[in-house]
1. Report the local net charge at residue 28: Lys and Arg +1, Asp and Glu -1, summed over other residues whose C-beta lies under 12 Å from its C-beta.
2. Residue 127's amide H: which non-local residues (gap 5+, or another chain) put their own amide H closer than 5 Å, with H modeled 1.01 Å from N in plane and none for Pro or chain starts?
3. Tell me the relative contact order for the chain as a rounded percent, counting alpha carbon contacts under 8 Å between residues six or more apart.
4. Where the only charges are on Cβ atoms (+1 Lys, Arg; -1 Asp, Glu), what is the dipole of the chain about its Cα centre, to the nearest 20 debye?
5. Among 121-133, 27-39, how do they line up from the highest to the lowest mean number of other beta-carbon atoms within 10 Å?
6. Please compute the alpha carbon radius of gyration of the stretch 4-156, then divide it by the globular-protein estimate 2.2 N^0.38 Å. Two decimals is fine.
7. Past 20 Å, Cα to Cα, is the threshold; run 20/132; 7/133; 111/134; 7/59; 20/99 against it and keep the listed order.
8. R0 = 30 Å: FRET efficiency of residue 125 with residue 6, Cβ-based, nearest 0.05?
Amino acid sequence: MSEHVFKDFYRNTVTYSTEKDPFSNDPKHVWVVCRYRESWLLTRHPSRGIEFPGGKVEKGESADEAAVREVHEETGGHVSTLYYVGQYMVEGRAETVIKNVYFAEVDRLEKKDSYFETEGPLLLERLPHQPKKKKNYSFIMKDDVLPLSMKEIEARFLNTASS
């Protein structure tokens with residue numbers, strides 16, 4: 001697949017690719033599209049809104065390890081299978097951010113006392129058709145990263161087109 005270039009919610013230039021590590025072998029951020037049973041597993045960030053789990057790669061861990069950790073911290077989800085989907089680069093005004101995108105199959109949800117900076121798990125049978133028009137969704141869900149990732153996930157990892 002070729003690279004896709006577009007503007008994000010804040011008008012930053014984003015370059016997205018499904019090639020393995022096209023922008024960095026050591027990305028500092030992850031974003032994980034999660035599936036639990038027949039539902040999509042998201043979380044609610046108190047200020048940003050509904051989004052898939054994700055965050056920063058901590059010192060001493062790989063991006064894959066960060067993806068598994070972030071899913072557990074933000075949703076209580078235990079990742080049974082993790083797939084690399086792609087990577088994107090955001091050229092912001094202050095810095096350039098490179099983020100790996102994953103698809104995770106979650107086999108169980110653990111009730112936790114704290115979900116760190118989120119309000120815990122949120123299960124949806126279907127993702128909204130146009131989250132960019134929904135005020136309760138995070139800016140992370142409002143650019144082309146989500147539809148490009150979903151297209152790749154449906155083609156490579158799901159038996160039926162779920163959305």
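1. Values: positive: 56, 59, 99; negative: 26, 58, 61, 95.
Neighbourhood net charge equals -1.
2. Here 163 satisfy the definition.
3. The value is 28 percent.
4. Roughly 700 debye, rounded to the nearest 20.
5. Values: 121-133: 13.6, 27-39: 19.5.
Top of the packing list down: 27-39, 121-133.
6. Dividing the Cα radius of gyration by 2.2 N^0.38 Å gives 0.97.
7. Flagged as over cut-off: 20/132; 111/134; 7/59.
8. 0.60
Every read-out reported here was derived from the displayed coordinates using simple, explicitly stated rules and does not represent laboratory data. Just so you know, these numbers come straight off a predicted model, no measurement behind them. No Cβ is skipped: glycine too gets one built from the backbone with ideal geometry, and neighbour counts run over all protein chains shown.
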